[in-house]
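Contents: one structure, followed by commentary.
Nothing in this text is a laboratory measurement; each read-out follows from the coordinates by a stated rule. All of these numbers come straight from a predicted model, not from anything done at the bench. Note that we place each Cβ from the backbone using ideal geometry, even for glycine, and neighbour counts take in every protein chain shown.
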Amino acid sequence: MLIFIKIMKFNRMFFTAVVGISMLAGCSKQPKITVINHSGVLLSNLVASGSGFSQSLGTLAAGAQVRASVNPTGESSLGLEFDANGKHFSSPPDGYFENSNYYQITATVEPDFSVIVDARTTAY
């Protein structure tokens, strides 16, 4: 009987821990960005920046995409910097988003190395 009680206590503590961790994992307030490389060449030294953040995204192969969470301070737009074909590129800030997980931002690097930013909100 004593073993049964210990098992029940452990199960209750384990269940509480799993529920607590799950709730914290789902509470991310940060907007998500996706960068898609349609340029046809490797992008290196890729950096996403906006109001209060600058995040290195590393290297992105042609046709690939990378996702990240960012932490802007207040209202923001998204700019990208990267190197390709031996040149440095910097896109002007574009789009509008705030520090909320209701925003999903997609930045697409085009074959001419221009960047198209699409910022959308998801349903509350």
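Residue count for segment 105-124, restricted to those that are small (Gly, Ala, Ser) and either touching a residue at least 60 places away in the same chain (Cβ under 8 Å) or closer than 15 Å to Lys87 by Cβ (or both): 2. Residues in segment 63-107 that are within 21 Å of Ser39 (Cα to Cα) and touching a strand residue (DSSP E or B) at 6+ places or on another chain (Cβ under 6 Å): 21 in all.
Annotation for segment 63-71: at least one member residue is free of Cβ contacts under 8 Å to residues at least 40 places away in the same chain and either basic (Lys, Arg) or touching a helix residue (DSSP H, G or I) at 6+ places or on another chain (Cβ under 7 Å) (or both). Of everything listed in (1) surrounded by fewer than 18 Cβ atoms within 10 Å (Cβ to Cβ); (2) without any contact (Cβ under 8 Å) to a residue 60 or more places away in the chain; (3) over 12 Å from the mean Cα position of the chain (by Cα), the single unmet condition for Ser76 is (1).
Of all the numbered requirements in (1) more than 21 Å from Ser51 (Cβ to Cβ); (2) surrounded by 15 or more Cβ atoms within 10 Å (Cβ to Cβ), Tyr103 misses one, and that requirement is (1).
If the condition is being buried (at least 17 other Cβ atoms within 10 Å of the Cβ) and more than 16 Å from Asn37 (Cα to Cα), then segment 108-124 contributes only Ala119.
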